[in-house]
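The values are calculated or read from the model by the stated rules, or taken from the named source; none is laboratory data. Since this is a predicted model, take the numbers as computed values, not measurements. Note that each Cβ is placed from the backbone with ideal geometry, even for glycine, and that neighbours are counted across all protein chains shown. To get the accessible areas, we keep the full protein, side chains included, count just its heavy atoms, and leave off ligands, DNA and RNA. Shrake-Rupley method; radii C 1.70, N 1.55, O 1.52, S 1.80 Å.
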Amino acid sequence: NAGVTQTPKFQVLKTGQSMTLQCAQDMNHEYMSWYRQDPGMGLRLIHYSVGAGITDQGEVPNGYNVSRSTTEDFPLRLLSAAPSQTSVYFCASSGRQGASTDTQYFGPGTRLTVL
Amino acid sequence: LAKTTQPISMDSYEGQEVNITCSHNNIATNDYITWYQQFPSQGPRFIIQGYKTKVTNEVASLFIPADRKSSTLSLPRVSLSDTAVYYCLLRSNDYKLSFGAGTTVTVRA
C-alpha cells in the first residue's frame, strides 16, 4: 500500500511550457484534491474531485486543468506555465465524502520552478 | 470556509508540554476541528480531530470547550522531532480544507 504518490519530485519549466503533474492513490479513495503551497504560507486548494468523472474548482484554479478518468489517478495540468506558478504542489485523497471521521492523506509533493 | 487564528510561532524545550490554542469564533454546527502537522519538504500529516470535549490519541490531545469557539492542541513531552508547522483547520462534510499559515513549533535541546 503506497498511499498517495506524486511524480515528478522536482521540475523546472520555462515560461509558456506545459506539463502534467501526476498523482495516484491505491486506497480506493473517492475524494482527491490538489493544493499549492508558496513559501511561508499554508496550502491553497486548486481543484478537487469527489469521484471519477467529477471535478470542481477550488480557491486558486486559474491556469490549471484537471481530469478524473479513474478512481486512482488525478493529474494536474499546467496549460502555459508562468513564474507565479512556482510553488510546491501537494495531492491529497480521502475516503467517503461526508464521512466526518475520514482524514486526508497527502503525497510527498512536487517542487515546481518556472523560469 | 470559516477562518481559524493561531499563533505564528512557539518555542519549547525537549520534555516539555506544548499547548497551541486555535480560535474559530465562526465555527459552524457541522464543522470538525482538525489538526495537521507538516515537516519541511513533506506533505501535511493528520494528527487529531474532534467535535467537542476532549480527544486523545497516541500523539496528542485535543481540548474543545463547550462553546467550540476555540480549541487547544496539546503535545506531551515534545522531542526535537516534533519541530514542525502545526495547522488548525475546520472541516465540514465537503472535505475542503482551508489552511492558514499555521504555528511553527521549534523544540530545542
Quick check: is even one residue across segment B:28-45 in contact with a strand residue (DSSP E or B) (Cβ under 8 Å, 6 or more places away or on another chain) and away from every other protein chain (no Cβ under 14 Å)? no
So, in segment A:74-87, how many residues would count as being crowded, with 16+ Cβ neighbours inside 10 Å and either in contact with a Lys or Arg (Cβ under 8 Å, 6 or more places away or on another chain) or not hydrophobic (A, V, I, L, M, F, W, C) (or both)? 6
For A:GLY109, all conditions in the list (1) open to solvent by 30 Å² or more (accessible area, probe 1.4 Å); (2) within 11 Å of another protein chain (Cβ to nearest Cβ) hold save one; what is the number of the exception? (1)
Filter segment B:12-42 down to residues that are assigned to a strand (DSSP E or B) and more than 15 Å from the chain's Cα centre (by Cα) and give me whichever is nearest to A:GLN37 (Cα to Cα). B:SER12
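One line per residue, one yes/no per condition, for (1) of a type outside the set (S, T, N, Q); (2) open to solvent by less than 70 Å² (accessible area, probe 1.4 Å); (3) more than 14 Å from chain A (Cβ to nearest Cβ):
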position	(1), (2), (3)
B:VAL55	yes, yes, no
B:PHE63	yes, no, yes
B:ASP67	yes, no, yes
B:SER71	no, yes, yes
B:ARG77	yes, no, yes
B:SER92	no, yes, no
Strands (runs of 3 or more DSSP E) wholly inside segment A:1-70 containing at least 3 residues that are open to solvent by less than 40 Å² (accessible area, probe 1.4 Å) and of a type in the set (Ser, Thr, Tyr): A:31-37
Return the residues of segment B:79-90 that are within 14 Å of chain A (Cβ to nearest Cβ) and either aromatic (Phe, Trp, Tyr) or surrounded by fewer than 16 Cβ atoms within 10 Å (Cβ to Cβ) (or both); say none if nothing qualifies. B:TYR86, B:TYR87
Can you find a residue in segment A:52-73 that is more than 25 Å from B:ALA84 (Cβ to Cβ), touching a residue at least 60 places away in the same chain (Cβ under 8 Å) and not β-branched (Val, Ile, Thr)? no
Does segment A:67-80 contain at least one residue that is facing chain B (nearest Cβ under 8 Å), within 25 Å of B:LEU90 (Cβ to Cβ) and among the aromatic types (Phe, Trp, Tyr)? no
For residues that are open to solvent by less than 30 Å² (accessible area, probe 1.4 Å) and of a type in the set (Gly, Ala, Ser), scanning just segment B:1-47, find the one that is farthest from B:VAL85 (Cα to Cα). B:SER12
